[in-house]
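Report on one structure; see the data block that follows.
The values are calculated or read from the model by the stated rules, or taken from the named source; none is laboratory data. This is a predicted model, so every value here is computed, not measured. Ideal geometry is used to build each Cβ from the backbone, glycine not excepted, and the neighbour counts take in all protein chains shown. The area values use the complete protein model at the heavy-atom level, side chains included, leaving out ligands, DNA and RNA. Shrake-Rupley method; radii C 1.70, N 1.55, O 1.52, S 1.80 Å.
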Amino acid sequence: FLIKQNINLSKDVFWFLLENLNNEYVFLLEQLNILKLYGKKIDTVKSVENILILESKIDINKIFFKIYKKNNLLIKDFNKNIYSNSDLYIFLNSIKINLELIAKTKDKKDLFESFPRYLFNEKDAFVQIHKTLDSNKIKRIYKNISKIEILVREFPSLYSVLGIRFLLNMKKIIT
């Protein structure tokens, strides 16, 4: 595609694209077409990042805070951010971190003191989740996390289906 479109990339940019572009063919073509519109010579990684506006893994962490959305919107967010087993494990680890934070804090004041700064925009949703979760619900979610980790190891190709099932079960527990 790059040769056909006469696009020249530096060595650093080539390897960056190889590591960060989407693996699904349709999305990959879309990202390459965006690069094509930029011009013939792309020589810095920073310019590629600015062109493609690559999404950060922080969006994976934010799925937890969208738990009160309708199921179809929740699934759409999940599918938009989880592209591999490793993305699913990042998601599960972020849930573990959030559950640990909820379990450690007794009241709103403790919660705000230990709340991560980079999630400032999610504070209201976090407070709402904190109010609804008790120790039994947290244990049930941890139990489901253990189950999904085992299932994903056994059936790695089903990570997406298993992840969505886990997400909706977690929503049922929280709400």
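Computed quantities for the displayed model
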{"quantity": "Of the DSSP H helices in the chain, those whose Cα atoms cover at least 24 Å axially and whose Kyte score averages 0.0 or more", "calculated": "85-104"}
{"quantity": "Candidates per trypsin sites (Lys or Arg not before Pro) in the range 102-140, loop by DSSP, up to 16 other Cβ within 10 Å", "calculated": "106"}
{"quantity": "Mean accessible surface per residue for the chain, computed with a 1.4 Å probe while every protein chain stays in place, in Å²", "calculated": "63 Å²"}
{"quantity": "Share of carbon and sulfur in the accessible heavy-atom surface of the range 78-175 [1.4 Å probe, %]", "calculated": "54 percent"}
